[in-house]
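Working notes, structure below.
The values are calculated or read from the model by the stated rules, or taken from the named source; none is laboratory data. Here the structure is a predicted model, which means the values were calculated and not measured. As a convention, Cβ positions derive from the backbone with ideal geometry for all residues, glycine included, and neighbour counts pool all protein chains shown. Accessible surface is based on the protein model in full, side chains and every heavy atom, while ligands, DNA and RNA are left aside. Shrake-Rupley method; radii C 1.70, N 1.55, O 1.52, S 1.80 Å.
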Amino acid sequence: MYLNTCLRLLHDAEQRLAESFRQVARGHRAEADLAALADLLADQCCDHLAELAPLVRRYREQPTDEPERPPLAALSGVRSGPLGLVRDLQDLYLLASFVAITWTLLRQAGQTIHDAEILHAVDWCQAQTDEQLAWLRTRLAEAAPQALIAS
Amino acid sequence: MSEQPVVPDRVADPWGRRTPYPAGGNWPTRVDEHLVAGVSADQVRQWVTSACVLCSNGCGLRIGVADGRVVGVRGQAGDRVNRGRLGPKGLYGWQGQQRDRLTTPLVRAEGGELVACDWDTAMNRVVARSRELLDRWGPLSHAFYTSGQLLLEEYYTLSVIGKAGLGTPHMDGNTRLCTATADAALKESFGTDGQPACYADVDHCDTLVLHGHNAAETQTVLWARVLDRLAGPDRPRLVCVDPRRTEVARHADVHLPVRPGTNLALLNGLLREVLHRGWVDHDWVAAHTLGLDELARVVADYPAGRVADICGVSARDVLAAAEVFGTGQRVLSTVLQGVYQSHQATASACQVNNLHLLRGMLGRPGCGVLQMNGQPTAQNTRECGANGDLPGFRNWANPRHVRELAELWDVAEETIPHTGPPTHAMQIFRYAEQGSVRLLWIAGTNPAVSLPDLDRVRRILGGDTVFVVVSDAYLTETAELADVVLPSALWGEKTGTFTNTDRTVHLAEQAVPPPGQARGDLDTWLDYARRMGFRTRSGRPLPWWSTPAEAFAEWQRCSAGRPCDYTGMSYQALRERHGIQWPCTPDRPQGTERLYVDGVFNTDTDYCEDFGHELLTGAARTEQQHRATAPGGRALLRAAHHTEPPHGPNADYPLRLTTGRTVYHFHTRTKTGRAPQLAEAAPAPWVELSDVDARRLGVVEGDVVRLTTPQGSVELPARVVRAEPGTVFVPFHYGQRASESTLDGGRTHAANELVPTGWDPVSKQPVVKVCGVRVRRVGAGTGPAPAPELGAARRVVVGPPGATAAGGDRPCT
Ligand code: SF4
């Protein structure tokens with residue numbers, strides 16, 4: 001049983017996503033909507049971390065098979081200009097997608113072992129992650145024409 | 001200038017004599033008139049049909065003309081909106097059109113100064129730049145930022161030029177600042193824009209709830225109607241949600257002076273009470289709405305005690321307000337800037353819709369929601385697409401709607417921008433700042449005063465990243481920064497229609513010629529389109545029309561079958577019947593009083609204007625998602641949790657700054673600041689401090705204080721008012737070069753110097769109602785602050801016991 005692996009992956013990924021949202025909020029201050037929203041979304045990731053913490057503790061003793069390849073890294077800084085913004089949002093999208101699919105893995109596992117605590121966590125956290133992805137898709141779609149064609 | 005004796009002084013008494021009437025009664029007529037000194041009614045040669053364009057009420061009036069000059073106005077007795085009444089702006093504001101007008105085009109010369117020229121020179125310069133940019137960068141290099149004060153015919157023509165001629169999605173109006181949230185909330189809840197209720201609902205209601213709507217100062221004639229109900233038999237109960245002790249608050253049974261930035265928490269609390277106390281019409285909700293479970297789940301977290309803590313009001317008052325709303329049999333709610341210009345604006349406005357949906361209180365006399373408009377012609381910006389939307393409340397994400405327009409305009413579908421939502425004002429300015437919007441055409445608005453973070457706005461307009469064209473009647477703060485300035489005709493100098501908050505369409509006819517070379521914006525844009533050589537697929541000039549009447553006819557074709565159907569109207573019918581409410585079709589020529597009388601909403605996937613958004617982030621829903629929920633005519637109960645305002649108070653900026661309006665002025669005062677009675681009534685800006693905060697800061701009435709936010713600082717004389725401590729108010733009308741009045745002394749005192757840039761994620765309406773601010777006393781003033789002595793700015797009584805200041809506070813009624 002590798003539930004421990006899954007939980008750790010998710011915990012790490014949420015952490016990296018939170019950090020990256022904060023980077024974007026700070027680094028793209030001139031995009032007034034991003035500054036406010038990205039911070040809010042980082043807060044959501046932190047809420048997810050708090051929800052995950054007791055689960056990680058509960059399954060800590062299980063064996064774990066750490067991935068050989070390091071998972072997606074957090075943003076190491078922000079890019080500049082309209083295209084830079086699009087690229088940063090693309091990176092956020094990758095990170096958030098990884099989080100979302102890992103929540104799906106956790107749901108499948110939790111359903112299999114009838115773990116109500118896991119299922120409760122998945123329920124609201126995954127919904128928020130899905131909204132984060134929807135927001136990133138919306139924002140990217142809006143920014144793309146101007147960045148790719150008119151800049 | 002003085003008044004005719006037939007009219008009392010509307011400055012001293014903005015709402016006029018009471019004409020009380022009972023529930024269900026007809027609001028009595030009271031005709032208000034103002035003629036300039038020395039002119040009597042029998043000298044007036046001609047009374048020309050029009051309506052007032054100084055707020056969203058759209059009061060019907062006639063323009064008096066003598067010797068080729070406007071000499072006065074008279075309220076239209078038969079008009080459904082005002083029954084003859086006019087407020088201070090309506091009676092006096094038009095005089096501002098007779099001063100300081102631009103009479104020739106101006107272009108920026110080599111030396112950097114603006115110099116007068118003829119139309120050919122100015123238009124050639126615009127067209128040369130436009131052509132060059134279009135060839136090199138395509139349509140995304142062009143943007144338009146217009147107004148809430150132009151006419152339907154102008155908006156629709158511009159919309160066609162932008163979408164079918166150029167093909168740019170970058171088009172917005174300053175309506176983004178006033179009415180975008182009304183629009184967005186109506187789309188989210190009901191599927192399309194369109195005001196559900198109407199003003200006649202004031203006549204029928206037994207309960208009135210005003211959310212962030214200081215009607216007494218923003219729409220004085222609507223407030224007169226309310227006062228007449230309050231003074232009559234069957235007085236309706238009144239709830240006021242407003243941080244300030246406004247005139248509305250003084251008359252309210254329950255006043256909730258919420259902290260700015262907490263509307264959503266309050267509304268969630270009210271919804272919770274409605275659910276818990278069983279004031280829900282369950283059968284109606286089951287038949288006509290979707291989303292009750294999710295709404296109930298969210299609002300369960302907002303018991304009155306928690307709401308009281310968040311909002312800074314008493315739990316008892318929250319419960320009392322809920323009870324008034326929940327037990328009313330005919331409830332009318334109105335919403336305005338206190339909600340729209342705060343953060344979480346759309347989420348909050350949707351909750352007002354939800355309150356009415358839960359009670360099944362829509363579409364019946366006295367039962368409804370008025371998501372108010374701010375500016376007079378904001379509704380036309382929205383329906384014609386000058387706010388960037390597709391005209392006729394069509395959905396950019398619905399390929400069938402795009403195709404309809406392509407056929408109507410005889411252009412390729414690909415020309416019509418529909419890769420995403422239109423670009424909103426703040427984003428247009430961001431693109432201009434970054435240099436990808438290279439030509440910005442501003443018409444009839446003054447962003448150098450009205451947008452947040454003015455320093456930045458002026459830097460963008462004055463910089464060399466963007467070629468700025470300004471069409472305006474005056475050399476505004478914005479025009480001074482332009483590359484080309486085009487002189488515009490104003491109201492009364494051109495013909496066209498416009499639509500008020502309750503869907504009433506008025507015809508505003510030309511009464512006098514425009515001054516000098518000034519001309520209507522319709523003519524200017526048609527001239528631009530002709531010079532650019534825009535054509536339809538079959539080779540006709542685009543737009544192919546030339547006159548206002550032709551533009552109106554084209555708009556009627558565009559509106560056919562959509563919620564804002566105008567096909568049953570004509571200029572002649574509008575002339576005879578004064579105001580007609582859309583939808584108005586050949587089989588319903590009298591127009592339509594209320595929408596959704598059958599509880600069927602415009603949410604069908606193929607018909608709706610928008611597939612909706614997540615309220616917290618603004619993430620867009622797709623067509624598939626929308627179809628999957630199968631709303632099919634049911635209204636959507638959209639829910640969201642309260643969040644703290646992003647630029648709210650903190651240790652360094654401990655007070656809450658909010659901005660707003662005064663009864664005597666409109667927008668940036670380009671007209672009202674030039675009307676002597678109005679300029680005198682509120683000549684210069686001030687800051688309102690609560691008596692508690694003033695005492696703590698050692699400030700007395702008239703002292704000069706410095707307000708500082710991370711964005712900037714201004715110095716203003718203090719008006720000490722009775723209000724909840726912690727909130728500071730500054731009127732937003734006053735620009736840097738506020739007026740010719742010497743009182744201004746050239747100081748910088750625009751409220752928006754202080755306000756950070758930020759907007760609601762769904763409506764994209766800028767947030768100007770809440771940010772943290774620091775206040776320090778600078779020194780003594782020269783007397784009382786130059787604020788009006790009525791309305792929310794009323795002075796607290798000070799001095800020895802027994803003494804009362806002129807116009808001082810009086811007990812809450
Ligand atoms: S209420 Fe509005 S429309 Fe009516 S007169 Fe006053 S400013 Fe004009």
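Checked against (1) under 17 Å from B:CYS384 (Cβ atoms); (2) in contact (Cβ under 8 Å) with a residue 40 or more places away in the chain, B:ALA479 meets all criteria but (1). Annotation note: of B:VAL39, B:VAL107, B:VAL31, the sole residue that is of a type in the set (A, V, I, L, M, F, W, C), closer than 30 Å to B:THR592 by Cβ, in contact (Cβ under 8 Å) with a residue 12 or more places away in the chain and surrounded by fewer than 22 Cβ atoms within 10 Å (Cβ to Cβ) is B:VAL31.
From the list B:THR476, B:THR501, the lone residue that is out of contact with any Cys (no Cβ under 6 Å at 6 or more places or on another chain), open to solvent by less than 10 Å² (accessible area, probe 1.4 Å), part of a loop (DSSP other than H, G, I, E, B) and within 16 Å of the ligand (Cβ to nearest atom) is B:THR501. Just to check your reading of the model, which residue among B:ASP523, B:ASP604, B:ASP610, B:ASP527 is out of contact with any Lys or Arg (no Cβ under 7 Å at 6 or more places or on another chain), over 16 Å from B:THR499 (Cα atoms) and outside any helix (DSSP H, G or I)? Only one candidate passes the filter, namely B:ASP604.
Among the candidates B:ARG557, B:ARG531, B:ARG503, B:ARG540, single out the residue that is among the charged types (D, E, K, R) and within 18 Å of B:ARG382 (Cβ to Cβ).
Details: B:ARG557 fails: within 18 Å of B:ARG382 (Cβ to Cβ); B:ARG531 fails: within 18 Å of B:ARG382 (Cβ to Cβ); B:ARG540 fails: within 18 Å of B:ARG382 (Cβ to Cβ).
On inspection, the qualifying residue turns out to be B:ARG503.
Only residues that are open to solvent by less than 30 Å² (accessible area, probe 1.4 Å), closer than 14 Å to B:HIS276 by Cβ and assigned to a helix (DSSP H, G or I): list them for segment B:299-310, please. Of everything in segment B:299-310, those that are open to solvent by less than 30 Å² (accessible area, probe 1.4 Å), closer than 14 Å to B:HIS276 by Cβ and assigned to a helix (DSSP H, G or I) turn out to be B:VAL299, B:ALA304, B:VAL307.
Scanning segment B:311-333 for residues that are within 22 Å of B:VAL226 (Cβ to Cβ), open to solvent by less than 10 Å² (accessible area, probe 1.4 Å) and touching a helix residue (DSSP H, G or I) at 6+ places or on another chain (Cβ under 7 Å) yields B:ALA321, B:ALA322, B:GLY326, B:VAL331, B:LEU332, B:SER333.
How many residues, within segment A:125-151, are more than 28 Å from B:SER436 (Cα to Cα) and either outside any helix (DSSP H, G or I) or in contact (Cβ under 8 Å) with a residue 24 or more places away in the chain (or both)? Spell out how you get there, then give the answer.
Step one: list which residues in segment A:125-151 are more than 28 Å from B:SER436 (Cα to Cα), which gives A:125-131.
Pick out the ones that are also either outside any helix (DSSP H, G or I) or in contact (Cβ under 8 Å) with a residue 24 or more places away in the chain (or both) and you get A:125-126, A:128-130.
Number of matching residues: 5.
A quick yes/no check of all residues on (1) more than 7 Å from chain B (Cβ to nearest Cβ); (2) in contact with a Phe, Trp or Tyr (Cβ under 7 Å, 6 or more places away or on another chain):
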position: A:HIS120; (1), (2): yes, no
position: A:GLN126; (1), (2): yes, yes
position: A:TRP135; (1), (2): no, no
position: A:ALA150; (1), (2): no, yes
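One residue stands out in segment B:664-685 among those that are surrounded by fewer than 24 Cβ atoms within 10 Å (Cβ to Cβ) and more than 16 Å from the ligand (Cβ to nearest atom): the one that is modelled with the highest pLDDT, namely B:ALA684.
Residues in segment B:429-473 that are surrounded by fewer than 24 Cβ atoms within 10 Å (Cβ to Cβ) and at the interface with chain A (Cβ under 10 Å from one of its Cβ atoms): B:ARG430, B:GLU433, B:GLN434, B:GLY435, B:SER436, B:ARG438, B:ASP453, B:ARG456.
Here the condition is being more than 18 Å from the chain's Cα centre (by Cα) and within 14 Å of chain B (Cβ to nearest Cβ); of A:LEU3, A:LEU83, A:LEU40, A:LEU34, it holds for A:LEU83 alone.
For the structure I just gave you, tell me whether A:SER20 is surrounded by fewer than 21 Cβ atoms within 10 Å (Cβ to Cβ) and polar (S, T, N, Q).
Values: surrounded by fewer than 21 Cβ atoms within 10 Å (Cβ to Cβ): no; polar (S, T, N, Q): yes.
The answer is no for A:SER20.
Of all positions in segment B:161-177, at least one carries a residue that is assigned to a helix (DSSP H, G or I), open to solvent by 10 Å² or more (accessible area, probe 1.4 Å) and modelled with pLDDT under 95.
For every residue, the table says whether it meets (1) over 29 Å from the mean Cα position of the chain (by Cα); (2) aromatic (Phe, Trp, Tyr); (3) more than 7 Å from the ligand (Cβ to nearest atom); (4) within 26 Å of B:ASP228 (Cβ to Cβ).
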| residue | (1), (2), (3), (4) |
| --- | --- |
| B:CYS55 | no, no, no, yes |
| B:ASP67 | yes, no, yes, no |
| B:ASP79 | no, no, yes, yes |
| B:ASN82 | no, no, no, yes |
| B:LEU86 | no, no, no, yes |
| B:TRP94 | no, yes, yes, yes |
| B:THR103 | no, no, yes, no |
| B:ALA109 | yes, no, yes, no |
| B:CYS117 | yes, no, yes, no |
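Per-residue answers, yes or no, for (1) in contact (Cβ under 8 Å) with a residue 12 or more places away in the chain; (2) open to solvent by less than 30 Å² (accessible area, probe 1.4 Å); (3) touching a strand residue (DSSP E or B) at 6+ places or on another chain (Cβ under 6 Å); (4) closer than 29 Å to B:CYS564 by Cα:
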position: B:LEU486; (1), (2), (3), (4): yes, yes, yes, no
position: B:GLY516; (1), (2), (3), (4): yes, no, no, no
position: B:ARG519; (1), (2), (3), (4): yes, no, no, yes
position: B:PHE534; (1), (2), (3), (4): yes, yes, no, yes
position: B:ARG537; (1), (2), (3), (4): yes, no, no, yes
